[in-house]
Amino acid sequence: MRNEPDRLVGESPAFLQVLESVSRVAPLEKPVLVVGERGTGKELIAARLHYLSDRWEREFLKLNCAAISDNLIESELFGHEAGSFTGASRTHHGRFERADGGTLFLDEVATTSALVQEKLLRVIEYGEFERVGGRKTLQADVRLIAATNEDLPELAATDRFRHDLLDRLAFDVITLPPLRERPGDIPLLAEYFAVNMAKELGRGFFPGFSSAAIERLATYRWPGNLRELKNVVERAVYRAPEEEAVDEIVLDPFASPFRPQAQEDNGGRRQAPALPLSLKDSVQEFEIELINQALREGRFNQRRAAELLGLSYDQFRGYFKKYGLQRSDGGVAEAAGKEGA
């Protein structure tokens with residue numbers, strides 16, 4: 001049995017404010033820009049905007065702009081005529097034609113080229129476009145919803161995104177809170193994902209989480225947001241005995257003393273992260289990465305790992321407490337309990 005499609009679940013004030021904003025703008029025939037970190041549920045918000053609008057009975061099409069090369073995205077959006085390029089043996093109807101009367105959701109819109117951005121602007125302003133290789137101007141009545149995890153005003157300020165397109169897309173902007181700002185929703189979401197996974201596994205019921213598992217879920221920062229939480233919960237449910245409460249939470253499925261180490265670049269230096277970013281979250285992730293590395297090299301002896309990091313044992317344990325790391329066989333940091341003699 002397949003599990004049901006994901007739904008919007010939560011009752012935190014930040015989440016409810018988002019739903020209120022969605023309900024307010026959904027009936028309008030205007031573009032909407034959905035902004036949020038990866039995994040925050042931007043596609044679910046786009047679907048809600050569509051199904052709360054007067055277009056709910058018409059097409060709702062989706063396209064991840066980052067998943068298609070620059071050479072193909074223009075054809076995928078606007079279509080192409082037969083013979084317009086090598087391999088174009090017949091006319092192809094693009095997403096705007098197929099979504100006529102409905103809604104088109106463009107995820108990762110910041111990755112589109114200047115040419116595609118120019119054509120998007122024309123469709124929004126006049127409802128007009130041409131297929132690739134075509135001369136006939138076509139009309140499409142499409143409500144556009146775009147999403148990004150980038151800072152589009154910053155990209156526009158540095159000429160990496162069209163100002164005029166940003167102005168048109170941003171009739172209203174819905175910014176989704178990251179999961180770490182919705183701590184009260186984590187148990188609700190975990191239960192929802194767990195019940196759905198139990199159904200998929202053909203189990204009659206879900207026996208719940210242990211108190212330790214709930215604490216582990218509640219204290220983690222969730223850099224991957226809802227998508228990461230879903231993966232962690234589903235993995236925990238399928239690994240747990242069918243009639244016992246879920247107790248083991250594996251946050252990093254790659255964690256292993258035998259995990260291949262990343263290669264340094266030619267200069268022997270770490271690659272600089274792309275900006276903008278959250279300094280606090282990046283520092284936390286880097287410190288956890290160093291703890292994991294020290295544990296691996298110290299053969300999971302915490303005192304040896306502390307020495308490798310130039311810390312006292314008490315300082316090392318303080319980092320474990322700071323980041324909510326726990327002893328478990330399921331991951332590198334969690335396996336720190338396997339101390340040597």
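Which residues, counting only those in region 11-44, are open to solvent by less than 80 Å² (accessible area, probe 1.4 Å) and assigned to a loop (DSSP other than H, G, I, E, B)?
S12, A26, P27, L28, P31, G36, E37, G39, T40, G41 - these are the residues of region 11-44 that are open to solvent by less than 80 Å² (accessible area, probe 1.4 Å) and assigned to a loop (DSSP other than H, G, I, E, B).
Looking only at region 114-144, which residues are touching a Ser or Thr at 6+ places or on another chain (Cβ under 6 Å) and open to solvent by less than 40 Å² (accessible area, probe 1.4 Å)?
If the condition is that a residue be touching a Ser or Thr at 6+ places or on another chain (Cβ under 6 Å) and open to solvent by less than 40 Å² (accessible area, probe 1.4 Å), then V132, R143 are the ones that fit.
Scanning for something in a helix (DSSP H, G or I), in contact (Cβ under 8 Å) with a residue 40 or more places away in the chain, among the charged types (D, E, K, R) and surrounded by fewer than 17 Cβ atoms within 10 Å (Cβ to Cβ), does region 57-69 turn up at least one residue?
So far as region 57-69 goes, no, none of its residues is in a helix (DSSP H, G or I), in contact (Cβ under 8 Å) with a residue 40 or more places away in the chain, among the charged types (D, E, K, R) and surrounded by fewer than 17 Cβ atoms within 10 Å (Cβ to Cβ).
Of everything in region 262-290 that's in a loop (DSSP other than H, G, I, E, B) and open to solvent by 100 Å² or more (accessible area, probe 1.4 Å), which residue is modelled with the highest pLDDT?
The selected residue is L275.
Do we find a residue being buried (at least 16 other Cβ atoms within 10 Å of the Cβ), in contact with a Phe, Trp or Tyr (Cβ under 7 Å, 6 or more places away or on another chain) and closer than 20 Å to L49 by Cβ anywhere in region 154-171?
No, that holds for no residue.
Got at least one residue in region 226-239 being open to solvent by 10 Å² or more (accessible area, probe 1.4 Å) and part of a loop (DSSP other than H, G, I, E, B)?
Checked against the condition, which is being open to solvent by 10 Å² or more (accessible area, probe 1.4 Å) and part of a loop (DSSP other than H, G, I, E, B), region 226-239 yields no hits at all.
When both residues are 6+ apart or on different chains and their Cβ atoms are under 6 Å apart, which pairs have a first residue that lies in region 221-240 and is in contact (Cβ under 8 Å) with a residue 40 or more places away in the chain and over 18 Å from N149 (Cβ atoms), and a second that is open to solvent by 10 Å² or more (accessible area, probe 1.4 Å) and in a helix (DSSP H, G or I)?
Short answer, once both residue conditions are applied: V233/F193; E234/M197; V237/M197.
Where residues in region 305-340 are small (G, A, S) and at pLDDT below 55, which of them is surrounded by the most Cβ atoms within 10 Å (Cβ to Cβ)?
A336
For residues that are touching a Leu at 6+ places or on another chain (Cβ under 7 Å) and in a loop (DSSP other than H, G, I, E, B), tally how many sit in region 137-173.
Of the residues in that region, 4 qualify.
Name the pairs: first residue in region 99-126 and touching a residue at least 60 places away in the same chain (Cβ under 8 Å) and within 17 Å of N149 (Cβ to Cβ), second residue in a helix (DSSP H, G or I) and open to solvent by 10 Å² or more (accessible area, probe 1.4 Å), Cβ to Cβ under 7 Å, at least 6 apart or on different chains?
The qualifying pairs are F105/E43; D107/K42; D107/E43.
Taking region 183-225 as the region of interest, how many residues are open to solvent by 50 Å² or more (accessible area, probe 1.4 Å), among the small types (G, A, S) and assigned to a loop (DSSP other than H, G, I, E, B)?
2
The values are calculated or read from the model by the stated rules, or taken from the named source; none is laboratory data. Bear in mind that the values here come from a model prediction, so they are computed numbers and not experimental data. A quick note on method: Cβ atoms are made from the backbone with ideal geometry, for glycine too, and the neighbour counts reach across all protein chains shown. Surface areas here come from the heavy atoms of the whole protein model, side chains and all, with no ligands, DNA or RNA. Shrake-Rupley method; radii C 1.70, N 1.55, O 1.52, S 1.80 Å.
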